[in-house]
1. Against the condition surrounded by fewer than 16 Cβ atoms within 10 Å (Cβ to Cβ), modelled with pLDDT under 90 and part of a helix (DSSP H, G or I), how does THR81 come out, does it pass?
2. Out of everything in segment 96-139 that is free of Cβ contacts under 8 Å to residues at least 40 places away in the same chain and assigned to a loop (DSSP other than H, G, I, E, B), what residue ends up being nearest to TYR58 (Cα to Cα)?
3. Only one of these is within 21 Å of GLU111 (Cα to Cα) and either at pLDDT below 90 or surrounded by 12 or more Cβ atoms within 10 Å (Cβ to Cβ) (or both): LEU173, LEU189, LEU163. Name it.
4. Taking GLN85 and the conditions (1) in contact with an Asp or Glu (Cβ under 9 Å, 6 or more places away or on another chain); (2) among the polar types (S, T, N, Q); (3) within 22 Å of LEU205 (Cα to Cα), which numbered condition does it fall short on, given that it satisfies the others?
5. Taking segment 23-47 as the region of interest, how many residues are out of contact with any Ser or Thr (no Cβ under 8 Å at 6 or more places or on another chain), among the aliphatic types (A, V, I, L, M) and within 19 Å of ALA88 (Cβ to Cβ)?
6. Only one residue in ASP119, ASP66, ASP78, ASP95 is at negative phi and more than 24 Å from the chain's Cα centre (by Cα). Which one?
7. What are the residues in segment 6-61 that are among the β-branched types (Val, Ile, Thr) and more than 17 Å from GLN110 (Cα to Cα), if any?
8. Would you check if ALA139 is surrounded by fewer than 18 Cβ atoms within 10 Å (Cβ to Cβ) and on the phi < 0 side of the Ramachandran plot?
Amino acid sequence: MKARVRFSKLGKIRWTSHRDLARMWERAFRRVELPLAYTQGFSPRPKVSFGLALPTGYESVAEYLDIELDATRVVELDVSTLSTQLSAALPAGVDVMAAAIIDDRATSLQEEVTSTEWDVWVAASPVRPLRELVEEALAADSLVVTRERKGKQVEEDVRPGILSLTVESDEHLRAELGTQPRALRPAELLAAIDASLVEARVRRLSQWISRSDGARDEPLAVPPDALADAPPTTATLERV
């Protein structure tokens, strides 16, 4: 049996690396005595898989991990209290927003998620109005950026990866970016719009799974008021 957890990563803990975050989760699992399944071998590890990687320094209200449970002890698990228990066992800034049992044959989040939604603040107003730069980018047939792949610098057209892009203010963008065949990151989005744009603060808002019938879902939805409780991200907060 598998459980899926949705959690937020907000505030100063956004500077924590993925590896250190994984260690925090392992400690939290031990504290709440979660009936985890473990790998075999000399050094058993809990069977836990994270969703799409979040770059260090970014915030999020839509992070996910899947936990494989020990079938012999799963009767001890009360999913209704799991969110509260795990949040209490995690450091400030990491909070569990939802938890649920999922099909143990479910596709991995790495393969299933097709797009992500972001709030992006730029470090300062660009020389040209942000709205003008975005209009030009959306009208372009291609937007080429330089990426590193297998140790080599390659040029790629990232325009197909910009699924939606709106200007919320002079320093604030909201974007939905594709993740397949390769995820487009907010930093690459800004580079494609204009080389002078620099991130000030970035927050992941959602991860989306597109279905064959045209519908789309989040891996684990939460009530709107849960998102409303998240501290605001504004250009006046500490800069990256």
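The values are calculated or read from the model by the stated rules, or taken from the named source; none is laboratory data. It should be emphasised that the depicted structure is a prediction, and the values quoted were computed from it without experimental measurement. Backbone-built Cβ (ideal geometry, glycine too); neighbour counts: all protein chains shown.
1. yes
2. THR107
3. Working: LEU173 fails: within 21 Å of GLU111 (Cα to Cα); LEU189 fails: within 21 Å of GLU111 (Cα to Cα).
Matching residue, one of LEU173, LEU189, LEU163: LEU163.
4. The single condition GLN85 does not satisfy is (3).
5. Number satisfying all stated conditions: 4.
6. Checking each option against the conditions leaves just ASP78.
7. Residues satisfying the conditions are ILE13, THR16, VAL32, THR39, THR56, VAL61.
8. On the way: surrounded by fewer than 18 Cβ atoms within 10 Å (Cβ to Cβ): yes; on the phi < 0 side of the Ramachandran plot: yes.
Judged against the criteria, ALA139 is a match.
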